[in-house]
Each structure stands twice: as C-alpha cells, then as structure tokens.
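Okay, structure first, notes after.
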Amino acid sequence: MNNLALSKENEQTFSGDPVMQVKDLNVAFNNHGGQAKILEGVNFCLYPREILALVGETGSGKSVTAKSILNLIPSHSRETTGEVLFDDRNLISLSAKDLQFIRGKRISMVFQNPQSSINPVFTLGEQIGRLIRLYLPHEISAVMHKNQCSPKRAIETIAKDKLNEVGLTDIQRMLKLYAGQISGGMAQRYRIALSLLSLPEILIADEATSALDVTVQAHILKLMKDLCKNKETAILFITHDLGIAAQICARVAVMYAGRIVEISDTKSLFKNPCHPYTKGLLKAVPKLGKNEPLSFVSGMIPDLVNPPRGCRFHPRCGHAMDICREKKPKDLMVEENHRVSCFLYNKQ
Amino acid sequence: MTASLIKLEEVNTWFPYSKPIVGKPESWVKAVNDVSLNIIEGECIGLVGESGCGKSTLGRTILRLAPLYSGNIHFLGDNIGKLSAKRLKPYRAKMQMVFQDPKASLNPKMTVFKILKEALVLNKRVAKEDYLEQAVKLLNLVDLRPEHIYRYPHEFSGGQQQRISIARALATDPKFIVFDEATSALDVSVQAQVINLMKALQDKLMLTYLFISHDLSIMEHVCSRVAVMYAGQVVEVQNSRSLFDAPRHPYTRALKNAVPIADPESKNDLGILKGDVPKLSNPPSGCHFHPRCDFRDKICSKVSPEVSKINGNSWVRCHLHEKLWKHGALISE
C-alpha cells in the first residue's frame, strides 16, 4: 500500500515531464552466426496520459524494446547498454529484486495472446483474487468494514467491480471458469483488468489486439483510450497496424531494423511523413473506399548479424545517396514534436 | 453476365456436437447453415466475418474438404456434393487452396522442387520429363528466381513462402482457388506485394478466387464482390464498392465501423458492437444477429429472414432492410 501512495505522489511531480525515458538503448544477441544487433540507439520518451504507438514490420525490434524496458529478456547471450529512466532510476541496471516492485505493479504489460498469458490451471477468480490481496489490501479491509463481510466476499466484490470496469458482463459465472473456457476478447479484457489492478503508471500493450477480431478490437481500443483519460496511465502501444496508431495514439514512433526512424505526433506523421520508410509503409496500407493498386517497399528487412553499413534502410530506399551507405544518420527535428533520422533532411 | 463456375444450393455443413454411442447425434454445430451462393467465372469473391462465423468451413466445404451435411455444390454444372472420393479426383485438381500460415502448410523436409512436383503429378497436361521445366515456369510466375528451386521452405521469408504456396496451387492448372486468410500473417508491405501478385495472376490465367479474410480493408482491393457471413449464414452479398459505401445489413455496417482507418483526421469513433458471436451449436432464434442489432424489431427474434434480392447478383438477408434503406440508417456521413 505504501507503494500505491508513493505512485500517487509521483504522478504529481511527473506532470509535464516524461514518465519514462529510453536513452540510447542497444540490445544485441549472441547467436551462432555472430552478434545480432537487434536494437541500435533507441531513443524516446513517454509522457503521462499519452498513448504512444510503436509501429514497424515483423523483426524490427518492437517487442524487444518493450521487453527490454522491464528487463524481461533472459540475460544469457544478451547484451544491453543504454538507459531506461523511470522514477530517476535506470531499469536496465536494476537488480531482479528491485525490479519486482516495478514489474506488474508500476509498469505492467499486456501480451499478444491473452489465453497463453493466463494461468490455465487456476480459475479466473483465484488469479484475480490473488492479485487483489497483493495490491489492494486496504481496499479489502475498507469493503469488509463497509459491507460487514468476510475477506473472501470482499475480494469477490472488488473483483466484480474491476472486471465490470473493462466492460465484462456475467462476472459471477466467469470467476469460476478457466482460461480455456472464455473467448479471446473476454480473455484480453480480463488480462487488461489484471494489469490495471495496481494502478500502473505505464501500461505496455504488445500487439494486444492483433489476435482479435475487428469488432472485439474496437472494444479494447476504446477501453484503452478511456483508461488513459480516466486513470492517468501512459500506454506504450506496440502494433503493426497503422490504422490503430492513427485512431487512438497521440504520438507514433516508426521502427525499422532496430532504430526509431521517425517519431512524431500522429497528425503530423500521417499528413507529412518524412522518412522514406514511413512513406512506403503508409502507401502499402489498404484503405477502405479507395481502390488503387497497392504500392509496397521492395526488398526485405536486413539480416541484423551483418546489418547494412550506414543507414540500415539504404538498400531498400529509393532516395539513397552516397552518404547513406557510409554514415549513420543523426536524429533531426523537422517540426516541433517531429523527429526523423534521415540524411534527406540534413541541411549541411 | 458470364456463367457461374460454382453454385451452392442450401449448403449445410454440420458437425456432430454430442454423439451417443448408438444412433444419430443429438445436437449439431451448424458451422455453415443454409448458404446459397453463386460464384461467377473470372471473379474474385470475398468472404468476411468474425472468427468462428464459419467462413473457413464454407471454403473447405466448397472443396469438399469438410463433410457436407446436405445441399448441392455445382462445379461447372456438375453436382460434386455427393460424389465419392474416387470420382471427385478429377475435380480436385481444378480447385486449390492457399492457407493462412505458409510455414505450416509447406513440408519442411521437402525442397521447393519436391513440393511443386507433388502437385504437378496431378496435372495430366505435363509430361514427367517436363516437371523441372514446369516448376521453373511456376516460380517465374510468382516472381521467385529459378535458383530457389532446390532450397527448403525455412530459407524463405514469410512473403516468399506464401508465393511458393501459390505456385503449388497453380501447379495443377486450377480454375478456382480458395485463399483462406492467405495474407493475414504477413506485414502490410509484404501483404501488398502478395495481393498485387494475386491480382496479376488472376488476369493472366483467368482464375476465379474465393478470398476469405477478416480484414475488410483489403477486400475492396482484391475482390469485385463480397459476401458477409455471420453465425454460419451469409447475410449480405454486394459489389465491393457498394458494400462499403452503402451497406444493407446492420452487421456489415458494424463490421465496417470497427475497422481503424489509417488517417487521424477521419472521425471514426470505432463503432462498438455489443455482445459476443453466438455459439453455433445453439444460435439465437429468428435472425441470428438480432440480439446484437440496434434496429431489431419484434419479427427479428421469431422468423428467420429470407433472401431478398437488391439487384443482379446482390442480395441481403434482413427483415428490415427496405425500411433501413429508405431512412438511410446504415449510411454514415
């Protein structure tokens, strides 16, 4: 409970400043073929009460970024440098013991496949009950006092309350079921309810809606949007769907081969995309009501064991210049809140 | 208007749900329930719906891969619905399928040549000596290089693997191909490449496609006509253009509104559809969609709606479609 009170205080001091800063994050995996440099100098900030989208192709390093924030990648054969600043501490160098107070509690995560991230051998009621006991002991005693009931009843009341918030119905029956007995949409809503129990400052959603139907996805997206408004949670939304980014996110970061090539507020990115990769990606999106042949970015994502020299995008880029093949582009501000890393915008 | 290649008449695909030791099953999962559909030669017809609505089962039923409970399937005028496996063989080569997960549908122990050869054996027009030549031709068709022929599936990227699947489907000289979520596992940029390839092949080889997907936004790029499926029934068939501009069924509108559009300026409030997809073992009475419908009337929960024709090859299955159309209730500004 002390922690909860603490987090409330922190929100006050953080307002305006970023809740989390990722600075020059590098991650490399050692495998048979050599060292694969998965992330190379990832920089971004997450502000309170915003939804930041992280978009890119498969293998661009989106999930690795998310997992590195909470140090969830097994440490053998992995090398991480850089900083993830949260609450004035660098999460990368924190011990597992210290991280325990942050993981799931102050920064929580929702994964792509909801069914596999819920324990299949305990009922849904048992699992949420355990977390309520852990995170909300004060609330339990308050409810016990108010309703004059046993702790078990109090936990049930809180569980119903929390699950109701994410739009679930028929909760009484649901609490007795197992993960395999509910649909994907219900499971994902249940997962989100679990990750919000501790009132986290940051919620990382890793492709949280990719496995769901559009109609269920619409529910979840609306839920996330409301959440961010009402609960003051910042959301890092990892997705490959640019439509989602456009509809619910305030800012969008585009990743390519382990680098953030462009980061901007959503309006400016879709209106005025700067990086050739972003432009290509936007053109490849099929649009409702427009029937023109789809264009695409030719070529493939590079082998990260031997990444291309210079800008990692140059072999696929239509505007590649000599300098692109030799030097790595630096981050440039093209507008306020619009950063791109490409030599085309280098005025020197 | 050209002739229909495939004609489905009141097709039912039911799976036994609980089966007693002796006798007939007591209840059925009605995955495909009373579907009649015309597939015209040379067109690409789309099939959309939520997961669990029976769209894959319908695709498999047409190819006779799923057991047909009742109804008729006409392929080029012949009723193939009741043919035995042996007599079905000549038709099998004419109808092919491309699956969602290319990695799982290609044998990891076979080279590309072996994979293609397996299918080429079924093609009576190709002599045994010409298999290699034909396989190279197929690879060229799908924009892969001849030197890829002795590689294994894992050496290719997802998009390339899907091209191999397409090449395999083309090996038997088919007339009709079912794409079952063939691009759903691919990235947008790769998806665009595969879709462009599919369209080019269709023009070149005069193919007919059934394109199954849950993604409405690619439908218009790929298909000329789209069928919308809900809880085992096709509820609306329209030209793709008019389907998106002027949906006739409330479910189509709900599906369309749920697609996030890649344009922050567009005011899409992500229309929310209440409730869940009904269980196919026990669908709601009357119109299957009525518990989730905003416009439902008394009749909807009692009587199952009949097919009402809109024009030509378009029809809708809704009691209230005329009323809704008159008031323009389904057209968004």
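A few points about this structure:
Table: residues versus (1) of a type outside the set (Val, Ile, Thr); (2) more than 9 Å from chain B (Cβ to nearest Cβ); (3) surrounded by fewer than 20 Cβ atoms within 10 Å (Cβ to Cβ).
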{"residue": "A:Val216", "(1), (2), (3)": "no, no, no"}
{"residue": "A:Ile220", "(1), (2), (3)": "no, yes, no"}
{"residue": "A:Asp226", "(1), (2), (3)": "yes, yes, yes"}
{"residue": "A:Tyr256", "(1), (2), (3)": "yes, yes, no"}
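- Scan the stretch A:16-28 for residues that are modelled with pLDDT under 90 and in a strand (DSSP E or B) and the total you get is 0.
- A:Gly59 in contact (Cβ under 8 Å) with a residue 60 or more places away in the chain and in a loop (DSSP other than H, G, I, E, B): yes
- Looking at B:Pro283, B:Pro291, just one residue is in contact with a Pro (Cβ under 7 Å, 6 or more places away or on another chain) and under 16 Å from B:Cys53 (Cβ atoms), and that residue is B:Pro291.
- Test result for A:Met321, at the interface with another protein chain (Cβ under 9 Å from one of its Cβ atoms), free of Cβ contacts under 8 Å to residues at least 24 places away in the same chain, over 24 Å from the mean Cα position of the chain (by Cα) and over 30 Å from B:Pro247 (Cα atoms): no
- Residue within the stretch A:210-224 that is in contact (Cβ under 8 Å) with a residue 60 or more places away in the chain and under 21 Å from A:Gly104 (Cα atoms) present: yes
- Scope the stretch A:289-329; condition touching an Asp or Glu at 6+ places or on another chain (Cβ under 9 Å), modelled with pLDDT of 85 or more and of a type in the set (Lys, Arg); matching residues: A:Arg309, A:Arg312, A:Lys328
- Restricted to helices (runs of 4 or more DSSP H) entirely inside the stretch A:149-208, those with at least 1 residues that are more than 28 Å from A:Thr239 (Cα to Cα) and of a type in the set (Ser, Thr, Tyr) are A:151-165.
Condition check ((1) without any contact (Cβ under 8 Å) to a residue 60 or more places away in the chain; (2) in a helix (DSSP H, G or I); (3) more than 25 Å from B:Leu58 (Cβ to Cβ)) across all residues:
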{"residue": "B:Tyr91", "(1), (2), (3)": "yes, yes, no"}
{"residue": "B:Pro108", "(1), (2), (3)": "yes, no, yes"}
{"residue": "B:Tyr131", "(1), (2), (3)": "yes, yes, yes"}
{"residue": "B:Ala135", "(1), (2), (3)": "yes, yes, yes"}
{"residue": "B:Leu139", "(1), (2), (3)": "yes, yes, yes"}
{"residue": "B:His148", "(1), (2), (3)": "yes, yes, yes"}
{"residue": "B:Ala169", "(1), (2), (3)": "no, yes, no"}
{"residue": "B:Val178", "(1), (2), (3)": "no, no, no"}
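- Elements of type helices (runs of 4 or more DSSP H) in the stretch B:185-249, at least 2 residues being under 19 Å from B:Gly158 (Cα atoms): B:188-205
- Hits in the stretch B:50-82 - residues which are surrounded by 16 or more Cβ atoms within 10 Å (Cβ to Cβ) and among the polar types (S, T, N, Q): B:Ser51, B:Ser56, B:Thr57, B:Thr61
- Residue in the stretch A:75-82 that is within 25 Å of the chain's Cα centre (by Cα) and under 15 Å from A:Met20 (Cβ atoms) present: yes
- Test: residue in the stretch A:340-348 that is in contact with a Leu (Cβ under 8 Å, 6 or more places away or on another chain), away from chain B (no Cβ under 14 Å) and surrounded by fewer than 21 Cβ atoms within 10 Å (Cβ to Cβ): yes
- Exactly one residue out of A:Leu332, A:Leu281 is modelled with pLDDT under 90 and within 9 Å of chain B (Cβ to nearest Cβ): that is A:Leu281.
- Restricted to the stretch A:297-318, and to residues there that are charged (D, E, K, R) and more than 14 Å from every other protein chain (Cβ to nearest Cβ), the residue that is surrounded by the most Cβ atoms within 10 Å (Cβ to Cβ) is A:Arg312.
- Out of B:Val29, B:Val35, one residue alone is touching an Asp or Glu at 6+ places or on another chain (Cβ under 8 Å), among the aliphatic types (A, V, I, L, M) and either farther than 30 Å from B:Asp187 by Cβ or in a loop (DSSP other than H, G, I, E, B) (or both). It is B:Val35.
- Which numbered condition B:Leu255 misses (of (1) within 17 Å of B:Cys318 (Cα to Cα); (2) within 7 Å of chain A (Cβ to nearest Cβ); (3) surrounded by fewer than 22 Cβ atoms within 10 Å (Cβ to Cβ)): (3)
- Considering residues of the stretch B:44-76 that are within 14 Å of another protein chain (Cβ to nearest Cβ) and of a type in the set (S, T, N, Q) only, the residue nearest to the chain's Cα centre (by Cα): B:Ser56
- Checked against the criterion of being under 27 Å from B:Thr61 (Cβ atoms), at the interface with chain A (Cβ under 9 Å from one of its Cβ atoms) and of a type outside the set (A, V, I, L, M, F, W, C), the candidates B:His214, B:His249 yield just one match: B:His214.
- A:Asn272 meets each of the listed conditions (1) closer than 21 Å to A:Leu242 by Cα; (2) of a type outside the set (Gly, Ala, Ser); (3) at pLDDT 90 or above; (4) surrounded by 20 or more Cβ atoms within 10 Å (Cβ to Cβ) apart from (4).
- Test: A:Val121 is among the β-branched types (Val, Ile, Thr) and either at pLDDT 95 or above or not in a helix (DSSP H, G or I) (or both): yes
- In the set (1) modelled with pLDDT of 90 or more; (2) loosely packed, with under 15 Cβ neighbours inside 10 Å; (3) within 30 Å of B:Ala3 (Cα to Cα), B:Ala85 fails one condition alone, (1).
- In the set A:Ser93, A:Ser68, A:Ser116, A:Ser75, only one residue is buried (at least 19 other Cβ atoms within 10 Å of the Cβ) and of a type outside the set (Val, Ile, Thr); that residue is A:Ser68.
- Close pairs from the stretch A:164-179: first farther than 17 Å from A:Phe122 by Cβ and at pLDDT 90 or above, partner surrounded by fewer than 18 Cβ atoms within 10 Å (Cβ to Cβ) and charged (D, E, K, R), Cβ under 9 Å, at least 6 apart: A:Gln172/A:Lys160
The values are calculated or read from the model by the stated rules, or taken from the named source; none is laboratory data. This is a predicted model, so every value here is computed, not measured. Heads up, the Cβs are rebuilt from the backbone with ideal geometry, glycines too, and the neighbour counts pull from every protein chain shown.
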